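Some notes on the structure that comes next.
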Amino acid sequence: MDGNGRWARQRHLPRVAGHRVGARVVRRVVEECARRGVGHLTLFAFSSENWRRPADEVSVLMELFVRALRDEELRLQEHDVRLSVIGERGALPARLQDAIARVEARTADCRGLHLHVAANYGGQWDIVQAARSLAAAAACGALAPDAIDEAGFAARLALGSAPPVDLLIRTGGELRISNFLLWHLAYAELYFTDTLWPDFDIASLDQALAWYAGRERRFGRTGEQVQAGAAGA
Ligand code: IPE
Ligand code: MG
C-alpha cells in the first residue's frame, strides 16, 4: 500500500493526512474482498524498515493502527473476517499488541476472508525465523534435517498454512517487492500501478482482478499443456 505520503504532498498536506485517507481505503478494499469471496488478503502495513522514518510519522502510523483495530473490531466480525497479524510483534507498542491480540481472539472463528496484516514484517526476517525454528527442532532431535522440505518450511513461515500468493498488487508506481512475502511470491502474478494508495478504489481493484484473470498461469508447464488441461477439466 504505497503512495500515501505523495498523495498528501500533492495536496500540500502533511504526510500523515495521506495515511489517514489510506486507512479508509483499507476498510473499503477489505470489505470488497470479503464480499467477493477472496480467501486470503495480506496487507503490507508496516515493514521492518519503516522504523527508519521520522519518529512522529511512525507514532501516527501506530496510533492509526490501534484506532483502526478498535473501530473495525465489530465490523470485521460482522463480515466474517478473520484477522491475523504477521511480523515481529514484540517490538510494537504494548497498546497495539493488546489491540491485536483482542481482535485476533475475537475473530478467530470467522470463516470468510482471512485478513493478514503485516506489521513490523520483513520477508527475510520471516525466512530466518522459520529456519531458526527448524534448526531448533533439528538440534533437539525432533526433526531430521533430511525431512525438511518445501511444505515443512512454509508451515513455519508467519503465514503458516495460507496458500501461496496468486496476485501481488503494488500501488504508487515503484517496481519493487521491498522485502514483502518473499517465499510466497514465488509464482505470484505481479501487478504494479501508478495509482497512489489513497486513490485506489473499487474500480482500481476491478482493473487489477481483470488483469489477473487474463494471465495464463503455467507454473513451469507449456502454454499448450495448460490449455489442454483446461479443455479436459
Ligand atoms: C504508505 O505510503 C506506506 C506506509 C504506510 C508505510 P508511503 O508513506 O510510503 O507513501 P510515499 O511512498 O511516501 O508516497
Ligand atoms: Mg512509499
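Using the Cα atoms of segment 178-219 to build a convex hull, what is its mean projected area in square nanometres?
Details: hull surface 15.1 nm².
That works out to 3.8 nm², a quarter of the Cα hull's surface.
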Report summary line: Given backbone amide H placed at 1.01 Å from N, residues whose amide H is under 5 Å from that of residue 143, ignoring those fewer than 5 places away on the same chain, are 138
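Explain nothing, just the number: relative contact order of segment 4-232, from Cα pairs under 8 Å at least 6 residues apart, as a whole percent.
Values: 289 pairs, mean separation 48.1, N = 229.
So the answer I get is 21 percent.
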Report task. In whole angstrom, note down how far apart the Cα centers of segment 21-84 and segment 136-186 are. Result -> 22 Å
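Please return the longest range in the chain lying between exposed loop sites, taking chymotrypsin sites (Phe, Trp or Tyr not before Pro), DSSP loop only, at most 15 other beta-carbon atoms within 10 Å, and leaving the sites out.
On the way: sites that count: 187, 219.
That would be 1-186.
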Query raised in the report: Residue-wise, which Karplus ³J(HN,Hα) couplings in Hz belong to segment 14-30, taking 6.51 cos²θ - 1.76 cosθ + 1.60, θ = phi - 60°, and x for glycine or proline?
Result: x, 3, 5, 4, x, 5, 5, 5, x, 5, 5, 5, 4, 4, 5, 5, 4
Requested in this report: Please list the non-local residues whose amide H lies under 5 Å from the amide H of residue 40, H modeled 1.01 Å from N, same-chain partners needing a gap of 5 or more.
Outcome: 114
Query raised in the report: With point charges of +1 on the Cβ of Lys and Arg and -1 on the Cβ of Asp and Glu, referenced to the Cα centre of the chain, which listed residue (231, 8, 172) lies farthest in the positive direction of the dipole?
Result: 8
Query raised in the report: Which FRET efficiency value, to the nearest 0.05, is calculated for residue 124 and residue 144 with the Förster distance at 25 angstrom and r the Cβ-Cβ distance?
Result: 0.45
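Kindly give Rg over Rh for segment 113-160, based on alpha-carbon atoms, with the Kirkwood expression for the hydrodynamic radius. Don't skip to the end; give the middle numbers.
Details: Rg = 12.2 Å, Rh = 11.7 Å.
Expressed as Rg/Rh, it is 1.04.
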Report summary line: The local net charge around residue 98, scoring Lys/Arg +1 and Asp/Glu -1 for residues other than residue 98 whose Cβ lies under 15 Å from its Cβ, equals +3
Query raised in the report: Per the Debye formula with a single identical scatterer at each Cα and no solvent contribution, what log10 I(q)/I(0) holds for segment 4-232 at q = 0.14 Å⁻¹?
Result: -1.01
Report summary line: Taking every other residue with Cβ under 12 Å from the Cβ of residue 156 and scoring Lys and Arg +1, Asp and Glu -1, one gets -2
Query raised in the report: Which residues in segment 24-40 place their backbone N less than 18 Å from a point set 7 Å from the Cα of residue 209 along the Cα-to-Cβ direction?
Result: 25-40
Report summary line: Amide H neighbours of residue 45 at under 5 Å, excluding residues fewer than 5 places away on the same chain, with H built from the backbone geometry, are 118
Query raised in the report: Can you list the HN-Hα couplings for segment 90-95, worked out from phi with the Karplus curve (6.51, -1.76, 1.60; θ = phi - 60°), rounded to whole Hz and with x for Gly and Pro?
Result: x, 8, 7, x, 4, 4
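What shape does segment 75-191 take by its C-alpha gyration tensor, where a ≥ b ≥ c are the square roots of the eigenvalues and a/c under 1.5 counts as rounded, a/b above b/c as prolate, and the rest as oblate? Before the final figure, lay out the partial values.
Working: a/c = 1.66, a/b = 1.24, b/c = 1.34.
The shape class here is oblate.
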Query raised in the report: In nm², what is the average projected area of the convex hull enclosing the Cα atoms of segment 29-102?
Result: 5.2 nm²
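No value in this document is a laboratory result; all are computed from the given coordinates. Predicted, not measured: the structure shown is a model, and the values here were computed from it. Ideal geometry is used to build each Cβ from the backbone, glycine not excepted, and the neighbour counts take in all protein chains shown.
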